[in-house]
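What follows is one structure encoded as structure tokens, with my remarks underneath.
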Amino acid sequence: MMNVSRATITNLINQAYDPSSIAANNLSEILLRLQAAKEIAEYEKDALRAALHVHQKPRNRHEPPLDLQQRKAQLVKEKEKEKELLDKIELKEAKENNRIYQLKIKEAARAAREEAKKVRDEAKAVKAAELDAKRRDRDAAKAIQQP
């Protein structure tokens, strides 16, 4: 993923939309929220990776050397622990990415609903204006017909 500054995001949105429009403000808000969530997730991921290296058990140098089978078993056990921890980190990353994806989907659905509502409201206003114009024409025609 690439890192994009807030200024770049704002400039791109301003090029695509009128900067004072509600759609531009909503899109800007959504993108900045997602960028912040991504940065937080990356920070947590880095902290977990650092914790993995900090919590590794230091080897006691005074222990007598183990025989070959014991050493092999110990290495396998250590590799399994490391793999489990890495799997746990990857699972957490996947969950965070899924959460961000679901958030994007919800935001897109909300924006689509708002846009559809705006279109319905505009159509309703046009229809009301047409009905009002018909009513005025009818009333004017009746007024002319009556002596």
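Table for the structure above
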read-out	value
Residue count for region 12-33, restricted to those that are surrounded by 15 or more Cβ atoms within 10 Å (Cβ to Cβ) and in a helix (DSSP H, G or I)	8
Output for region 49-75, where each listed residue is loosely packed, with under 10 Cβ neighbours inside 10 Å, in a helix (DSSP H, G or I) and either at pLDDT 75 or above or among the small types (Gly, Ala, Ser) (or both)	Leu68, Gln69
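The values are calculated or read from the model by the stated rules, or taken from the named source; none is laboratory data. Quick caveat, the model's predicted, so the values are computed rather than measured. Note that each Cβ is placed from the backbone with ideal geometry, even for glycine, and that neighbours are counted across all protein chains shown.
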